[in-house]
Amino acid sequence: MLRTLAVLVAVTALAAAPGAAQDVDAVLQAAAEAMGDPASLSSIEYSGTGWVANVGQNFTPADDWPRFEVSAYSRTIDYDRASSVETHTRRQGDYPPRGGGAPLVGEQTRTLLTSGEHSWMLIGGNAVPRPQDAEVRQLDIWMSPHGFLQAAAAADDASAVELMLEGRPLTIVTFTAMGRYRVNGTINEDNLVERVLTWVPHPVLGDMIYDHRYTEYRDFDGVMFPTVLHSHQGDPALQPGHNSMEITVSEFRANVEPEAVEVPDAVAEAEVPPVVVRSTQMASGVWRVSGGTHHSVAVEFNDFIAVVEAPQNEARSLSVIAELRRRVPDKPIRYVVNTHHHADHSGGLRTYVAQSATVITHEANGDFYRNVFFHPGTRSLEPDILSSLMPWFAPNRVPAMELVSDRYTLTDGEREMHLYAVEDLGHTGTMLIAHLPAERILINADLYSPPRPDLDPPAANANMRALAANIERLDLDVARHVGVHGLVGSHVDFLRIVNGQ
């Protein structure tokens with residue numbers, strides 16, 4: 001249970017030298033008085049409009065996350081039940097259609113639900129379990145302005161310090177949430193919570209900044225609540241912004257007595273699924289390693305193996321590596337080809353780097369991969385193999401990379417694999433495709449996902465047309481397409497789709 005905030009005694013403004021420790025209970029009391037006694041809030045409900053971004057899907061590592069307009073947004077937080085229902089309707093709007101997920105055709109409505117240790121999404125009325133999101137979604141409840149004050153009051157390790165930042169007296173309240181997340185809340189000179197920041201685990205960014213900023217407070221029937229909610233997710237070492245959402249609040253209500261969020265049976269029983277991979281030989285020394293939503297392709301050379309794509313996370317990479325060792329036990333994986341930097345396609349690269357594989361990737365990824373992604377010592381929340389090798393893996397030794405500006409050939413003198421940078425693509429500016437000329441196989445990610453033969457073919461889109469144009473530009477001889485998503489399909493079928501036949 002959360003400890004009740006005491007608000008019986010008026011607290012005057014605190015005056016202290018910069019960096020002076022403060023009485024955290026007194027700080028929280030002052031904030032409680034200013035914001036409307038969070039201990040009396042059982043729930044809040046608010047709505048508005050704004051924009052949301054696709055985290056991990058920027059056009060290049062130097063760009064901010066791609067944005068979509070939010071035409072309708074609502075959220076209900078039930079503090080007593082530790083539950084949340086968040087719904088937003090998004091569309092492309094006036095934002096540039098560049099990066100993953102863009103262009104977004106029409107409108108898309110998403111509802112994200114959290115109740116205790118369970119999290120799920122409603123898609124077309126169907127509950128889709130999201131057990132991997134549950135912990136961060138629960139944390140997010142206690143990062144709301146009033147939730148932060150409740151959680152800080154309940155913590156047994158909360159502390160406060162007053163600082164002068166940019167000429168303003170601000171108080172930072174710090175505590176540990178849920179046993180492992182260090183949460184820092186900034187309380188301003190008006191005793192209002194204006195920022196709550198922590199770090200959450202991410203396969204690419206490691207301990208990723210998770211930051212909510214609260215401004216333009218208004219009095220809603222005695223409760224102060226911000227009317228601008230702005231969030232950041234990312235790592236600012238090399239990338240600008242990392243802006244992930246901004247909502248302008250138009251309506252707010254406190255103690256709305258929401259209905260209890262009932263956890264569907266399928267959600268209550270859901271667990272993060274185990275990684276299952278299987279390999280299928282497509283030609284002599286060429287295997288498609290499939291399983292789940294993302295796949296890889298392994299190519300055997302005289303004295304080494306090259307793997308095209310290391311998606312998702314370390315668990316999947318370890319399973320792929322184990323399967324390839326079963327297939328080819330006497331050859332090391334010396335190269336791993338990264339089609340592009342998007343998080344779902346690069347999240348497993350660090351596992352190969354830890355085993356001394358050279359990464360082949362687009363030149364635009366070089367600085368970010370070298371200085372942020374592959375740095376071995378930034379993973380305190382979920383350490384992986386590479387981070388566990390510190391200090392034996394010094395940062396200046398990680399990683400070995402081959403950067404591709406236009407084209408690159410990997411060969412042992414007999415077999416060849418050609419890598420090409422894709423031009424004129426809106427999805428990303430860092431895309432590579434892989435071509436095996438002897439086998440007439442083309443490997444791509446996100447551009448064309450060959451469908452199941454029993455389903456109607458998809459309509460041609462901008463990514464497919466860009467792939468077709470690059471195949472023609474490069475004069476590639478292609479018989480089969482292997483998608484990092486989807487199945488294996490013929491080039492004849494691909495051209496039929498692109499040409500609308």
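The values are calculated or read from the model by the stated rules, or taken from the named source; none is laboratory data. Quantities reported herein were computed from a predicted structural model and do not represent experimental measurements. As a convention, Cβ positions derive from the backbone with ideal geometry for all residues, glycine included, and neighbour counts pool all protein chains shown. Just so you know, the surface numbers come from the protein's heavy atoms only, side chains and all, with ligands and any DNA or RNA stripped out. Shrake-Rupley method; radii C 1.70, N 1.55, O 1.52, S 1.80 Å.
Looking at region 276-305, which of the residues that are open to solvent by 50 Å² or more (accessible area, probe 1.4 Å) and of a type outside the set (Asp, Glu) is farthest from LEU442 (Cα to Cα)?
In this case the residue turns out to be VAL276.
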Note to self: Quick check on ASP221: is it of a type in the set (Asp, Glu) and more than 20 Å from SER47 (Cβ to Cβ)?
What the structure shows: no
Margin query: Cβ contacts < 7 Å: first residue at positive phi, restricted to region 30-45; second residue part of a loop (DSSP other than H, G, I, E, B) and open to solvent by 40 Å² or more (accessible area, probe 1.4 Å), any location; separation 6+ or different chain. Result?
Written below: GLY36/GLY222; ASP37/VAL7
Checklist line | Boolean, THR361 is touching a strand residue (DSSP E or B) at 6+ places or on another chain (Cβ under 8 Å), under 22 Å from ASN313 (Cα atoms), in contact (Cβ under 8 Å) with a residue 24 or more places away in the chain and not in a loop (DSSP other than H, G, I, E, B) | finding: yes
Item checked: Members of region 229-262 that are assigned to a loop (DSSP other than H, G, I, E, B), over 30 Å from ALA62 (Cβ atoms) and open to solvent by less than 40 Å² (accessible area, probe 1.4 Å) -> VAL256, PRO258, VAL261
Item checked: Any chance SER388 is among the hydroxyl-bearing types (Ser, Thr, Tyr) and modelled with pLDDT of 90 or more -> no
Next item on the list: State the number of residues belonging to region 250-265 that are under 13 Å from ILE77 (Cβ atoms) and either in contact with a Phe, Trp or Tyr (Cβ under 6 Å, 6 or more places away or on another chain) or β-branched (Val, Ile, Thr) (or both).
Entry: 3
Note to self: I need the full set of residues from region 37-56 which are open to solvent by less than 20 Å² (accessible area, probe 1.4 Å), touching a helix residue (DSSP H, G or I) at 6+ places or on another chain (Cβ under 9 Å) and over 30 Å from GLN312 (Cα atoms), in order please.
What the structure shows: PRO38, LEU41, ILE44
Note to self: I'm trying to understand the selection: among the residues of region 83-99, which are open to solvent by less than 50 Å² (accessible area, probe 1.4 Å) and among the hydroxyl-bearing types (Ser, Thr, Tyr)?
What the structure shows: SER83, SER84, THR87, THR89
Check: So how many residues does region 473-489 have that are open to solvent by 40 Å² or more (accessible area, probe 1.4 Å) and either touching a residue at least 40 places away in the same chain (Cβ under 8 Å) or closer than 13 Å to ILE433 by Cβ (or both)?
Finding: 4
Notebook entry, point to check: Across region 336-388, which residue is most open to solvent (accessible area, probe 1.4 Å) among those that are closer than 17 Å to MET208 by Cα and of a type in the set (Val, Ile, Thr)?
Noted result: THR378
Item checked: Hits in region 446-501 - residues which are of a type outside the set (A, V, I, L, M, F, W, C) and in a helix (DSSP H, G or I) -> ASN463, ARG465, ASN470, GLU472, ARG473, HIS491, ASP493, ARG496
Next item on the list: Would you please list the contacts, defined by Cβ atoms under 6 Å and residues six or more apart or on different chains, that run from a residue in region 123-145 that is among the charged types (D, E, K, R) to a residue that is not in a helix (DSSP H, G or I)?
Entry: ARG130/SER119; ARG130/TRP120; ARG130/MET121; ASP133/SER119; ARG137/THR114; ARG137/SER119
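To keep it simple, each residue is scored yes or no on (1) part of a loop (DSSP other than H, G, I, E, B); (2) open to solvent by less than 20 Å² (accessible area, probe 1.4 Å).
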residue: ARG137; (1), (2): no, no
residue: MET143; (1), (2): yes, yes
residue: GLY179; (1), (2): yes, no
residue: ASP190; (1), (2): yes, no
residue: TRP199; (1), (2): no, no
residue: TYR210; (1), (2): no, no
Item checked: The listed residue being touching a Ser or Thr at 6+ places or on another chain (Cβ under 7 Å) and either open to solvent by 10 Å² or more (accessible area, probe 1.4 Å) or in a strand (DSSP E or B) (or both), out of LEU403, LEU442 -> LEU403
Next item on the list: Starting from residues that are among the charged types (D, E, K, R) and open to solvent by 20 Å² or more (accessible area, probe 1.4 Å), keep the ones in region 145-172 and report whichever is nearest to ASN188 (Cα to Cα).
Entry: ARG168
Notebook entry, point to check: Can you name every residue in region 406-438 that is surrounded by 20 or more Cβ atoms within 10 Å (Cβ to Cβ) and not in a strand (DSSP E or B)?
Noted result: VAL422, LEU425, HIS427, THR428, GLY429, THR430, MET431
